[in-house]
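Every number here is computed from the coordinates shown, using simple stated rules; none is lab data. Everything quoted here is computed from the prediction, not taken from an experiment. Cβ atoms come from the backbone with ideal geometry, glycine included; neighbour counts cover every protein chain shown.
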Amino acid sequence: MEAHAANPAASARAGIRLPGLGAGLGRGTVVLYLSLIVLLPLAAVVNQSLEGGFSAFWSAVTSPQALASLKLTVICSLIVVVINAIFGTIIAWILVRDEFPGKAAINAVIDLPFALPTIVASLTLLALYGHDSPFGVDIAFTRTAIVVALLFVTLPFVVRAVQPLLLEMDREMEAAAASLGAGGMTIFRRIIFPNLLPGLAAGVALAFARALGEYGSVLLFAGGLPDTQVSSVFIRSQIESGNDLGASAVSVVLLVASLILLAGITLIQRWGSRHERDGDGGGLTVMPISGDVITKNKSDDDE
Amino acid sequence: MSSSTASRWGLRTLGLGYLALLLLAPLVLIFFKTFEDGIGAPIDAITSPEGLHALKLTLIMVAIAVPINTIFGIGCALLLVRHRWKGNTAIDAVINLPFAISPVVIGLSLFLLYGADGWFGPTLSEAGIKILFSIPGMVLASIFVSLPFVVRETVPVLQEIGTDQEQAASTLGANAWQSFWRITLPAIRWGVAYGVVLTTARVLGEFGAVTIVSGQISGQTETLPLFVEKQFFNFNTTGAYGASLLLALLALMTLLAMNLLKRKEA
């Protein structure tokens, strides 16, 4: 089975075609569709941001409010990915290596932030950690609230990126290291962690991209007060006050950050796939979104 | 042995405690908050004309955006996997963009393109076509944000099934359509279905992009997530929780569907 997947050139020669369409026509349609739906709108943002020349763009980005929002967004996102890298790995670990009642249910709940609308997340986090919190923790409309909201929405990324690598990992290496006298920490540091690194890095990059642009979950919980205004909230407020230049200038900064992160994820995957048995995916990316676990681990799913 | 048991329990407590505080507590609280003042108030909120309209509009978004992205997704995945072309890497990269771009930026981009001073805005409004602050704009936003899912879920399955059976079918005289409907589609159906579930969840819950292009006109361009926000800012928290619970139930159904499909595929 793998042999064919690894040899797409042969299948192309065999003349399997898109039903009813030549490949050329199909390509044309896809390129046109993507241009209309994705690229042209984004080009309009870039165009708008440069309407008044580069100096106007730069002064819009470096205006105190815009700069403060960007700084806040980046700092909160960094804190969030560090915390979720640690807890995401721990959760992936207990889901793969541990056995406890209710594990299947816990595994299913991981995707909740993915399925739950962000505005609903915001509302419930406000009820949970706001002024009438049942736990007596009131962090609403603070920077901590931004961090908690972002922790919620980015949780699945690291778990779902690390989980398949843990499932695939050959445990004989660990056994060998243990028999040679390595302790638990040494085994983790020298054997497990390096193997998880590609997935961890891709998950962290995707979580970071998501955190930088997050809007709905932050909105009700952290609000748009001057010192809790993340960039997406800032952009929204600029659109509402008719400042298209200010909105699009900050948008372009976020857009560039997204592009860099996506390029990073692609590079990480190329690097990661060199270690795989049949690493040739035709150069196509595999995103660590929640579905990835199943498609990559059909054969050795332990359930 | 005892130290490894201790670390096992330590990790378990850390991981599960984190999940309890971050995921389970909010989920439980939605139910609790909604019915705090009895069952009548949240039901009244959802069955108010604005609430029902928001629900209807949300379903319209799903009914339009999901089929479009499913057809596009399958076609695009076939193209990427089965037809090597140097432009494939670029197509692949563009498809991932909606994963990484802020929904607010997506909203802004449509706002600028179809706005009064946008590239398309003036021409379309002369032709009497209204995109912004009406359903077409909201559909475009929904399509944009949910674009990658079917492609991303279908590509790995297509790579895995290979082309043996398709080649056998074509040797036996099947044309491309027959081989697609009888061989390829049945083989990739669970991957596609998974992508469809993810697409649906994303469209149902989309907030940031839709909020900007919709103008949030009550009873006209308000989807359920926008309705939640409006009720919240109008101090009708029961209404906000009622609509939230409805969305949360849809999210739970999504999770259930995802897990059933995972089992099908495994």
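Points worth noting:
- At R0 = 35 Å, FRET efficiency that the Cβ-Cβ distance of A:Ser35 and A:Arg171 yields, to 0.05: 0.15
- For the range A:115-180: relative contact order, % (alpha-carbon pairs under 8 angstrom, 6 or more apart): 17
- Paramagnetic reach from A:Asp132 in the range B:207-243 [backbone N under 19 Å; point 7 Å along Cα→Cβ]: B:228-243
- Three-way shape label, chain B, alpha-carbon gyration tensor, a/c 1.5: oblate
- In Hz, Karplus ³J(HN,Hα) per residue of the range B:82-98 (6.51, -1.76, 1.60; θ = phi - 60°; x = Gly, Pro): 9, 10, 5, 7, 5, x, 4, 4, 5, 4, 4, 5, 5, 4, 6, 3, x
- For the range A:71-222, the relative contact order works out to 40 percent when only alpha carbon pairs closer than 8 Å and six or more residues apart are counted.
- Dipole magnitude for the protein assembly as shown: about 940 debye, using +1 per Lys or Arg Cβ and -1 per Asp or Glu Cβ, origin at the Cα centre.
- Filtered chymotrypsin sites (Phe, Trp or Tyr not before Pro), the range A:105-190: DSSP coil and at most 13 other beta carbons within 10 Å: A:Phe135
- Sequence-distant contacts, meaning Cα pairs under 8 Å at least 6 residues apart, place the relative contact order of chain B at 30 percent.
- 30 Å Cα-Cα threshold exceeded, pairs from A:Lys71/A:Lys103; B:Lys86/B:Lys130; B:Lys130/B:Lys230; B:Lys33/B:Lys56: A:Lys71/A:Lys103; B:Lys86/B:Lys130
- Full extension of the segment from B:Arg84 to B:Thr5, taken as 0.36 nm per residue of separation minus the current Cα-Cα distance, would add 23.3 nm.
- Computed label-point distance, nm, for sites A:Thr144 and B:Ala20 using a 7 Å Cα→Cβ extension: 2.0
- Spin-label model distance (nm) - B:Phe32 vs A:Ser63, 7 Å beyond Cα toward Cβ: 4.3
- Summing charges over all other residues whose Cβ lies under 13 Å from the Cβ of A:Pro64, with Lys and Arg as +1 and Asp and Glu as -1, gives 0.
- Cβ-derived FRET efficiency at R0 51 Å, A:Leu180 paired with B:Leu59, nearest 0.05: 0.25
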